[in-house]
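The values are calculated or read from the model by the stated rules, or taken from the named source; none is laboratory data. Remember, it's a predicted structure, so these values are computed and weren't measured experimentally. Reconstructed Cβ throughout: ideal geometry from the backbone, glycine too, with neighbour counts over all protein chains shown. The protein model used for the area step is the full one, side chains on, heavy atoms only, and it has no ligands, DNA or RNA in it. Shrake-Rupley method; radii C 1.70, N 1.55, O 1.52, S 1.80 Å.
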Amino acid sequence: MKQDMIVILDLGSTENTVIARAVRALGVYSEIYPHDITADELKKLPNVKGIIINGGPNHIVDGVRIDVLPEIYEAGYPVMSVGHELAKCGNTPEWPAEDELGAFLKPFVFDVCKAEANWNMKNFIEDQIELVRKQVGDKKVLLALSGGVDSSVVAALLIRAIGKQLTCVHVNHGLMRKGESEAVIEVFRNQLDANLVYVDASERFLGKLENVADPEQKRKIIGAEFIRVFEEEARKLDGIEFLGQGTIYPDIVESGTKTAKMVKSHHNVGGLPEDLQFQLVEPLKQLFKDEVRACGVELGLPYEMVYRQPFPGPGLGVRCLGAITRERLEAVRESDAILREEFAKAGLDKKVWQYFTIVPDFKSVGVRDNARSFEYPVIIRAVNTVDAMTAKIELVDWEILLTITDRIMKEVKNVNRVCYDLSPKPNATIEWE
Ligand code: XMP
């Protein structure tokens, strides 16, 4: 193993991630584990140089005092217990900033634990390759490759580690953006020589969604159908024992750890039937989003794939409002492609957090070729946010908006109006459905 590691034991403090990031900022890898880890489990972790136990004042969580197992203190590692005293290391009574925290932790990490500052993406990748090979042996791994950042990076890492023992399944639900499935095939099958099963399930999804107008119903159908298609593909393959997943650290925190409170339930390819239970391979599960991107870059994935904007699982399905029709879906896809192209030309793709188009299910009157037209509007949305809980619109330059409008009017069929959505979140949400 290439990297030294500091283990942070979670006693229910929400600041574990801040500590982990502060240690990593010192150049030392750190991972967070539940408070009830045993000394045996701890000893199985590679290159542990020391332990930081992090809890609230007196380790009280919800009125109950919790602590790590006594054997942890006797396991032979340097231990530092932090909590309320940490608040005093900063300039303010608030939780200290990352650099203040780093300065506070530095003597422990380097002088007491004698850890080496050897955490970088190259070493991380080499370590994960070694761990994956050890876990998987000569067995086969299956991965649902959506083309999103997390699944793409995990695919690239697993290809490096186990090559053709990995089978990637890319399900095109017909609600992808223009060129997206093609990019997945190009990068993974043609460039990285992956074992890639491409399933074009567009017709099947559109069939199931016919005449379904309720947003929640649409989301449920898309989610359930996705699992069904993936399951069918999994059953066609022989001897798969492992399921790769692009789980990253925020997914674990948001789903609730033993001590951290549940925020929302995440299930990527959850919901597979009982007889299709696999062991999970999750090499990115200790990484934060920016680190996942850095990992993708190091693995040689294209910039657009690693830095792409968030895209909802139900895809363009929630941007083609109401009951989806082919004609409106095409209008969403084509107008979105134009928007992305023009934003990239103007450098806004690197500045704006998320931008896309919406086509509602009503028409308005216009003129085309000197005659009355009755066609759909396209709505442009461009927002900035830190955590997607609140969002503000981007004040896009009029000239850019006019260029985009002009192109949409000329190039997208069945459209006679372009609008810009000015609404912040709240009261609006980022997506329209
Ligand atoms: P809202 O519309 O709730 O969106 O303000 C917040 C962020 O979440 C994305 N989003 C989804 N992402 N699956 C996802 O993976 C989904 O079902 C989903 N719905 C919304 C949305 O694009 C925005 O970035």
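Observations on the structure shown:
- Efficiency of FRET between E31 and L422 - r from beta-carbon atoms, R0 45 angstrom, step 0.05: 0.55
- The range 158-208 and the range 1-36 have Cα centres lying 34 Å from one another.
- Charge context of N416, other residues only, Cβ under 12 angstrom, K/R +1, D/E -1: +4
- Sequence ranges 34-40, 424-430, ranked by mean other-Cβ count within 10 angstrom, highest first: 34-40, 424-430
- Neighbourhood net charge (11 Å Cβ-Cβ; Lys/Arg +1, Asp/Glu -1) for G148: -1
- Ordered by 1.4 Å accessible area with all protein chains kept, T390, T385, T14, T325 run largest first as T14, T390, T325, T385.
- DSSP beta bridge pairing in the range 325-420, given as percent antiparallel to the nearest 5: 70 percent
- Shape call, the range 211-255: gyration tensor on alpha carbons, a/c limit 1.5: oblate
- Taking amide H as placed 1.01 Å from N in the peptide plane, the amide H of L166 sits under 5 Å from that of V141, each at least 5 places away or on another chain.
- Calculated [θ] (222 nm, deg cm²/dmol) that DSSP helices of n ≥ 4 give over the chain, each run adding -39,500 (n - 2.57): -10000 deg cm²/dmol
- Residues listed by number, the range 270-294, amide nitrogen under 20 Å from I66 label point at 7 Å toward C-beta: 286
- Within the shell defined by Cβ-Cβ distances under 13 Å, the residues around L131 carry a net charge of +1, with Lys and Arg each +1 and Asp and Glu each -1.
- Accessible area per residue for the chain is 48 Å², calculated with a 1.4 Å probe on protein heavy atoms, without ligands, DNA or RNA.
- Debye, to nearest 20: dipole size of the range 325-420, +1 on Lys, Arg Cβ, -1 on Asp, Glu Cβ: 180 debye
- Shown for the chain: the carbon plus sulfur share of the solvent-accessible area, taken with all protein chains present and a 1.4 angstrom probe, equals 52%.
- Remark: the chain carries a charge dipole of roughly 780 debye about the Cα centre, counting +1 on each Lys and Arg Cβ and -1 on each Asp and Glu Cβ.
- Charge dipole (the chain, unit charges on Cβ, about Cα centre) - positive-most of L402, S423, V352: L402
- Positive dipole terminus of the chain, leading residue within F311, V386, L69 (C-beta point charges): F311
- Listed pairs K218/K351; K139/K220; K164/K285 exceeding 25 Å between Cα atoms: K218/K351; K139/K220
- In terms of its C-alpha gyration tensor, the chain comes out prolate, because a/c is 1.5 or above and the ratio a/b outweighs b/c.
- For S146, the accessible surface of its heavy atoms amounts to roughly 60 Å² (probe 1.4 Å, protein chains only, rounded to the nearest 10).
- Distance (nanometres) between label positions extended 7 Å along Cα→Cβ at L280 and E411: 4.1 nm
- Placing +1 on the Cβ of every Lys and Arg and -1 on the Cβ of every Asp and Glu, with no other charges, gives the range 121-306 a dipole of roughly 260 debye about its Cα centre.
- Sorting M409, M305 by accessible area puts them as M409, M305; the probe is 1.4 Å, largest comes first, and only protein heavy atoms count.
- Taking the charge dipole of the chain about its Cα centre, with +1 at Lys and Arg Cβ atoms and -1 at Asp and Glu Cβ atoms, the residue from L196, S81, S364 reaching farthest to the positive side is S364.
- Per-residue SASA remark: E298, around 80 Å² accessible (1.4 Å probe; ligands, DNA and RNA not included).
- Gyration tensor (alpha-carbon) shape descriptor, the range 1-84, a/c threshold 1.5: oblate
- Per-residue accessible area (protein heavy atoms, 1.4 Å probe) orders Y307, Y376 as Y307, Y376, starting from the largest.
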